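The values are calculated or read from the model by the stated rules, or taken from the named source; none is laboratory data. Please read these numbers as outputs of a predicted model, since none were measured by experiment. So basically every Cβ, Gly included, is an ideal-geometry build from the backbone, and we count neighbours across all protein chains shown.
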Amino acid sequence: MPGDAPTAGPGRRALVGRLASALAAVALLGAGCGDDGRELRPPSPDQTTSTTVPAPSTTALPDQMVLSSPAIPQGGEIGIDHTCRGLDVSPPLTWTPPPETTVELAVVVRDVDAGGLVHWVVAGLPPGATGLEQGAVPPGAVEATNDLGGLGWSGPCPEVGAHTYEVRVYALAQPSGVAPGQPGSEAAAQVESTPAVMSAVLSGWAAAPG
């Protein structure tokens with residue numbers, strides 16, 4: 001009919017089919033050349049990356065001795081009963097258990113602001129001891145003569161201002177050899193030069209009368 005579009009003949013349909021097949025083959029060939037499966041593609045935004053977390057260390061930290069006293073807060077004022085203005089008795093001390101290789105324990109007290117003046121040296125303490133009672137030492141322990149001329153403890157007694165005092169306990173690897181009544185500076189140096197497994201310190205202060 002005059003108003004209808006012309007109908008394609010058999011030759012035209014065959015040509016169109018061959019062109020479509022050729023285009024499909026070219027598309028497949030292009031896709032294969034673009035990605036042969038060996039090239040790494042960048043991760044997509046929704047992919048997560050893994051992080052290797054190192055295993056925690058199993059190395060044990062070295063043990064530490066801790067020295068304390070109810071009469072001497074760390075860095076605080078020494079109780080008056082342990083100074084020359086009070087009863088002037090040695091303070092009670094407590095420390096954590098020393099290492100098993102300890103053969104002797106010893107305590108040295110010095111006035112840091114008076115050139116290391118020795119106020120107390122007690123040695124020969126058993127290696128399993130964990131403290132000292134107020135005003136006493138256990139049987140078998142020895143006390144040196146302090147730098148003020150008395151045997152055993154001599155409490156803080158600054159004439160002017162405030163002084164800092166250090167109490168140190170030593171876990172010794174060898175016997176100290178301190179003798180009863182030995183001069184304080186000599187006995188303290190002897191303890192401090194003996195090989196130690198560990199030590200601990202407690203600091204306090206005392207002031208001259210106001």
_Options GLY135, GLY124, GLY152, GLY140: the member that is under 24 Å from ALA173 (Cα atoms) and under 34 Å from the mean Cα position of the chain (by Cα)_ = GLY124
*TRP95 fails exactly one of the following numbered conditions: (1) closer than 24 Å to MET65 by Cα; (2) surrounded by fewer than 15 Cβ atoms within 10 Å (Cβ to Cβ). What is the number of that condition?*
(2)
_Residues that are at pLDDT below 95 and of a type outside the set (Val, Ile, Thr): does region 176-194 have at least one?_
no
*Determine whether region 145-161 contains at least one residue that is exposed (fewer than 14 other Cβ atoms within 10 Å of the Cβ) and charged (D, E, K, R).*
yes
*Can ALA179 be described as under 14 Å from LEU93 (Cβ atoms), of a type in the set (Gly, Ala, Ser) and assigned to a loop (DSSP other than H, G, I, E, B)?*
no
*Of all residues in region 124-141 being over 23 Å from LEU87 (Cα atoms) and among the aliphatic types (A, V, I, L, M), the one that is surrounded by the most Cβ atoms within 10 Å (Cβ to Cβ)*: LEU125
*Where HIS82 falls short, out of the listed (1) buried (at least 21 other Cβ atoms within 10 Å of the Cβ); (2) touching a strand residue (DSSP E or B) at 6+ places or on another chain (Cβ under 8 Å)*: (2)
*How many residues, within region 85-102, are touching a strand residue (DSSP E or B) at 6+ places or on another chain (Cβ under 6 Å) and either part of a strand (DSSP E or B) or hydrophobic (A, V, I, L, M, F, W, C) (or both)?*
3
*Starting from region 64-92, keep only residues that are in contact (Cβ under 8 Å) with a residue 60 or more places away in the chain and of a type in the set (D, E, K, R), then list their pairs with residues that are loosely packed, with under 15 Cβ neighbours inside 10 Å and not in a loop (DSSP other than H, G, I, E, B) whose Cβ atoms are within a distance under 9 Å, requiring at least 6 positions of separation or different chains.*
GLU77/ALA162
